[in-house]
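What follows is one structure encoded as C-alpha cells, with my remarks underneath.
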Ligand code: GLY
C-alpha cells in the first residue's frame, strides 16, 4: 500500500474527529479507516505539502512479514515491527535465527539519527584460544555443534535496546504474534523440514531438541507438519511480562548455566549478567551522490562494502552491467578478492584488536586497485597495508570450500514517519549448536565458529582468519552481517538492503546496491538478479547458473566463457544468499523479498 496525500489533510477528515486527533499518527489511522486515503486524493495549496503514507516490510516468512505489517497498521513504528517480525522468525524459521542467537541492527530514525545496535553474541569469560583444540589440533566439530559452540545469546538484549531507543508500542505487545505461533504451532516450511533432516543426528543428541523437532516415534518433523513449541511460547510469555532481565539476570540464565555445565559447556549465569549490546559508530561512505551507511566491526560487512564501493566508483558500472557483463563481473570479482584478503587479515572485534582505519581511506581503495588489469584475473592477491596497520599472523593454507547452504535471516521495515530498520539475525549455521535448553524451547547459537578457532582452520563457511579474530573472553566473533542503508543528498533514506548467507552476505548486499544505484533496476529486480561470489580463499568465482535464466540479468554461457578466458576459476552454485530490501522512489516505497526463499514483502 502506498498512498500519497498532498495538501492539508485536516480538511478532508471529519471535523468532529479533528479535535480528538493530536498526532499525525492518529490522523493517518483515522483517515485510512475512513477511506479518505484510499480513494481520490484531494490536493490543497496549504498545510503539509506532502504527506506520504509509506510503510513496508520484507522477511523470509509470510507470517513474519504479516506480523510487521500488523504492528505498523496498529500504531507501531518500524522499530516495533522489526522486533515483532524477528520474534516470529525465531519461531517459524528457527533454524536461521532466534532468541538463542544474536543480531546486528541498523536504524534510521525519523529524527534523522542512525543507530547501529550491536547485538552480537560474546564468548564467555572462561573462553580461551585453546578451547577447541584437542591433541594439538583444532576440532571444528566442537565450535559448530554442542555446548562449547554457543556464545552468550544477544538478540533479546539488542531488541531491548532498539525498543528503548526508538520503539513505540509496549514491549509486551511485540511478543503476541510469536507466542501465538509457538503455542498453536505452525506448518513446518520446506527449509525447516530439510534442515531438521540434515542435522537430525546432532539434534537427536540433546533431549530438548529431540522432543521439539521429532515425533514420539523418533522420525523428524517434515515439511508441512505442525511444529508446536509450547516451551518456547512460555519463554516468550515470560519475556513479554518480565522483560529482558528474566533472560539475562534471572531464571533463564541460571537454567542455561546448569544445563550447559551438565553437558560440558562453559557459559555461566554471570556471562549472561555481563552481556551488553553496544551502540556502534556506523560506517559512512560517499558513493556517487549517495551516502552508504554500513555496520562496523564486529561486522566485516560495513567496512568491506564501503571498500568495494570505493574501488568500483571510477568505473561505469551501470553501463557495464547491461552491455559488458563480462567486464562487470570481472571487476566485481577483483574487488571481492581484495576486500576478502583484507578481511581475513585485519578484521576482528574492534574492542579487542585495532582494525586499521586506513581500510576506509579512498586512497587506499585506489592503491589496492593499482594492479588491476581488465585483461586478466589476478592470481596473487594478498592483503594490503592500510594506514594504522601492524603485522599479524595468518596461516595461508588453502581452506576447503565452505558449505553453500543458507543461514541467518535479514528483515527490513519502514514506517510512515521515516523510521527505517535493517536487521540481520542469526543462530549461525542451521539450528546453531543444536542444543536446546530444557524447559525453555530456546535453541542456542553456534556463533563461536565465527571466530578463527586456530590459524588456518577454516570455519563452516571456508573462511580463515588471523589473530585479529582469535577467541578471547568477552570477545565478539567477526560477522559478515551487513545491514545497510543508503541516503540521498537530502539525507533521506532511499534504499536499505542486507542478506543471509555467511560471507556471501557482503557480496550479495553489494550487488543489490549496485543494481539499484547504478543499474536503475527496481528493488525487486535487484534482489532477484543472479549474483557472483568470491571470498579470496579458496580461489573460485561462484556464480548462480539457475537464477535469472531468460532474464536480461542471466549469467549466460557466453559471459561465463569470457570470464574463464580472463582466467577466473568459475564454479556454478545454488542460491548464494537471501536478500531483503526496501527502496523509495518519488515517495513511493517498494519492498522486496528474495525469490530464492519463500518470504514475502508488503508496502
Ligand atoms: N554467522 C554468520 C555471520 O555472522 O557472518
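One residue is enough: does the range 250-257 have a residue meeting the conditions touching a helix residue (DSSP H, G or I) at 6+ places or on another chain (Cβ under 8 Å), part of a strand (DSSP E or B) and over 23 Å from residue 174 (Cα atoms)?
For the range 250-257, residues touching a helix residue (DSSP H, G or I) at 6+ places or on another chain (Cβ under 8 Å), part of a strand (DSSP E or B) and over 23 Å from residue 174 (Cα atoms): absent.
Report those helices (runs of 4 or more DSSP H) wholly inside the range 55-145 carrying at least 2 residues which are in contact with a strand residue (DSSP E or B) (Cβ under 8 Å, 6 or more places away or on another chain).
Hits in the range 55-145: 62-72, 78-92.
Condition test on residue 468, is it touching a residue at least 12 places away in the same chain (Cβ under 8 Å), within 16 Å of the ligand (Cβ to nearest atom) and assigned to a loop (DSSP other than H, G, I, E, B)?
Here the answer is no, as residue 468 does not meet what is asked.
Which ones in the range 169-186 are buried (at least 18 other Cβ atoms within 10 Å of the Cβ) and either in contact with a helix residue (DSSP H, G or I) (Cβ under 7 Å, 6 or more places away or on another chain) or not in a helix (DSSP H, G or I) (or both)?
Those that are buried (at least 18 other Cβ atoms within 10 Å of the Cβ) and either in contact with a helix residue (DSSP H, G or I) (Cβ under 7 Å, 6 or more places away or on another chain) or not in a helix (DSSP H, G or I) (or both): 169, 171, 174, 175, 177, 178, 179, 181, 182, 186.
Quick one: which of 498, 502 is crowded, with 24+ Cβ neighbours inside 10 Å, out of contact with any strand residue (DSSP E or B) (no Cβ under 8 Å at 6 or more places or on another chain) and within 20 Å of residue 599 (Cα to Cα)?
502
In the range 442-458, which residue that is more than 9 Å from the ligand (Cβ to nearest atom) and farther than 20 Å from residue 257 by Cα is surrounded by the most Cβ atoms within 10 Å (Cβ to Cβ)?
Selected residue: 452.
Residue 432 is checked against (1) buried (at least 24 other Cβ atoms within 10 Å of the Cβ); (2) away from the ligand (no atom under 13 Å from the Cβ); (3) on the phi > 0 side of the Ramachandran plot and fails just one. What number does that condition carry?
Among (1) buried (at least 24 other Cβ atoms within 10 Å of the Cβ); (2) away from the ligand (no atom under 13 Å from the Cβ); (3) on the phi > 0 side of the Ramachandran plot, residue 432 violates only (2).
Can you report the number of residues in the range 284-312 which are within 16 Å of the ligand (Cβ to nearest atom) and either in a strand (DSSP E or B) or surrounded by fewer than 24 Cβ atoms within 10 Å (Cβ to Cβ) (or both)?
Adding up the residues that qualify gives 3.
Here are the criteria: (1) within 16 Å of the ligand (Cβ to nearest atom); (2) over 21 Å from the mean Cα position of the chain (by Cα); (3) free of Cβ contacts under 8 Å to residues at least 60 places away in the same chain. Tell me which single one residue 490 does not satisfy.
Evaluating residue 490 over (1) within 16 Å of the ligand (Cβ to nearest atom); (2) over 21 Å from the mean Cα position of the chain (by Cα); (3) free of Cβ contacts under 8 Å to residues at least 60 places away in the same chain leaves (1) as the failure.
Read-outs throughout are calculated quantities, based only on the coordinates presented, and are distinct from any laboratory measurement. Here the structure is a predicted model, which is why all the values come from computation and not from measurement. Don't worry about glycine lacking a Cβ; one is built from the backbone with ideal geometry, like all the others, and counts go over all protein chains shown.
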